[in-house]
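Below is one structure; the comments refer to it alone.
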Amino acid sequence: MEIIIRPTPEECASIGGRIIANLINGKPNAVLGLATGSTPIPLYSELVRMHKEEGLSFSEVTSFNLDEYIGLSGEHPCSYQFFMNEELFGKIDIKSNSAHIPNGEAQDIQSECLQYEQAIRSSGGIDLQVLGIGSDGHIGFNEPGSSLGSRTRIKTLTGETIEDNARFFDNPDQVPRHCITMGVGTIMDSETVLLFAFGEGKADIISKAVEGPVSAMVPASILQLHPNVKVIVDEAAGSNLANISYYKEVYENKPDWQA
Ligand code: PGA
């Protein structure tokens with residue numbers, strides 16, 4: 001794991017944007033795994049800026065989002081489809097049939113999950129997966145206790161996640177209880193993972209995920225076993241890390257070939 005600690009979310013987003021642009025410039029038909037929530041918003045703003053000002057093109061890119069609420073249509077303002085259209089897809093040149101999100105309104109949820117896995121495989125697999133982290137340690141909506149080998153499936157949200165996400169809805173009772181999420185195993189199959197976290201509220205879970213034991217009770221901790229992960233956090237989210245000065249030293253003294 002490479003731990004990158006920068007003063008602000010915008011600086012973290014700029015590093016993430018550069019990594020994604022380098023990937024797309026070298027492989028125009030790259031496959032991106034995308035996330036929702038507050039965390040990726042600065043990254044998506046940066047990608048939109050790069051598209052508009054630097055000509056970064058997503059015309060051959062394929063994307064797969066991590067998750068979607070069950071029961072919300074893509075037009076519902078709290079659905080992740082709506083979020084992605086607003087924050088990214090509507091502002092770049094990705095083809096709409098190349099931008100995949102699980103269908104939370106599917107009649108047969110189980111076959112939707114199997115087809116989603118199949119579509120990821122048929123695309124050649126995810127080159128780079130963007131992740132946030134829940135305050136309970138979830139990645140995607142893989143809540144504590146999720147199988148570390150799980151694939152795309154239905155999950156029940158924890159009370160903590162429902163509380164965290166209630167801010168997007170008029171009241172907590174409107175937060176769906178179920179979702180479709182890529183599994184932990186699906187995420188672990190990605191070539192590269194960028195996990196972002198911002199703010200003091202994420203400091204405790206970031207230290208558990210990065211420096212604690214690997215455990216299904218902190219699903220993000222499995223990333224310690226992934227060969228190519230960058231954890232990109234602002235000072236506040238990195239503030240509980242025991243080895244903080246070492247991570248900073250490593251980042252500031254990277255050999256030129258690696259920087
Ligand atoms: P957040 O959510 O970005 O809104 O904090 C992260 C997550 O739940 O994965």
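Taking the criterion of being touching a residue at least 40 places away in the same chain (Cβ under 8 Å) and under 24 Å from Ile162 (Cβ atoms), the residues of segment 45-73 that qualify are Leu66, Asp67, Glu68, Tyr69, Ile70, Gly71, Leu72.
Comparison of Asn171, Asn240, Asn253 shows that the only residue that is over 26 Å from Gly104 (Cβ atoms), modelled with pLDDT under 95 and out of contact with any strand residue (DSSP E or B) (no Cβ under 9 Å at 6 or more places or on another chain) is Asn253. Residues that are assigned to a loop (DSSP other than H, G, I, E, B) and over 16 Å from His178 (Cα atoms) within segment 107-143 comprise Ser123, Gly124, Gly125, Ile126, Asp127, Gly132, Ile133, Ser135, Asp136, Gly137, listed in sequence order. In segment 182-206, which residues are over 12 Å from the mean Cα position of the chain (by Cα), more than 16 Å from Tyr116 (Cα to Cα) and away from the ligand (no atom under 13 Å from the Cβ)? Correct list: Glu191, Asp204. Listed conditions (1) under 23 Å from Ile162 (Cβ atoms); (2) open to solvent by less than 10 Å² (accessible area, probe 1.4 Å); (3) more than 10 Å from the ligand (Cβ to nearest atom) are all met by Leu131, apart from (3). If you scan segment 79-97, which residues turn out to be open to solvent by 20 Å² or more (accessible area, probe 1.4 Å) and small (Gly, Ala, Ser)? Passing the criteria: Gly90, Ser96.
Return yes when Gly140 is surrounded by 15 or more Cβ atoms within 10 Å (Cβ to Cβ), under 25 Å from Cys12 (Cβ atoms) and in contact with an Asp or Glu (Cβ under 7 Å, 6 or more places away or on another chain) and no when it is not.
Here the answer is yes, as Gly140 does meet what is asked.
Of the residues in segment 141-178, how many are of a type outside the set (D, E, K, R), free of Cβ contacts under 8 Å to residues at least 60 places away in the same chain, over 21 Å from Ser190 (Cβ atoms) and away from the ligand (no atom under 16 Å from the Cβ)? Total satisfying the criteria: 1. Can you say whether Ala209 is within 13 Å of the chain's Cα centre (by Cα) and either free of Cβ contacts under 8 Å to residues at least 24 places away in the same chain or within 13 Å of the ligand (Cβ to nearest atom) (or both), as far as the supplied structure shows? Here the answer is no, as Ala209 does not meet what is asked.
Here's the yes/no breakdown for (1) open to solvent by 10 Å² or more (accessible area, probe 1.4 Å); (2) not acidic (Asp, Glu):
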{"residue": "Met182", "(1), (2)": "no, yes"}
{"residue": "Asp189", "(1), (2)": "yes, no"}
{"residue": "Thr192", "(1), (2)": "yes, yes"}
{"residue": "Phe196", "(1), (2)": "no, yes"}
{"residue": "Asp204", "(1), (2)": "yes, no"}
{"residue": "Ala209", "(1), (2)": "no, yes"}
{"residue": "Pro213", "(1), (2)": "yes, yes"}
{"residue": "Ala220", "(1), (2)": "no, yes"}
{"residue": "Leu223", "(1), (2)": "no, yes"}
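From the set of residues in segment 22-38 that are open to solvent by less than 30 Å² (accessible area, probe 1.4 Å) and farther than 17 Å from Val229 by Cα, which is nearest to the ligand (Cβ to nearest atom)?
Per the stated criteria, the residue is Gly37.
Checking the stated criteria, Gly71 turns out not to satisfy the condition of being over 19 Å from Met182 (Cβ atoms) and open to solvent by 30 Å² or more (accessible area, probe 1.4 Å).
The values are calculated or read from the model by the stated rules, or taken from the named source; none is laboratory data. On a predicted model such as this, the values are computed, not experimentally measured, just so you know. Positions of Cβ are generated from backbone atoms using ideal geometry, with glycine treated the same way; all protein chains shown enter the neighbour counts. Please note that ligands, DNA and RNA were not included when accessible areas were found on the heavy atoms of the full protein model with its side chains. Shrake-Rupley method; radii C 1.70, N 1.55, O 1.52, S 1.80 Å.
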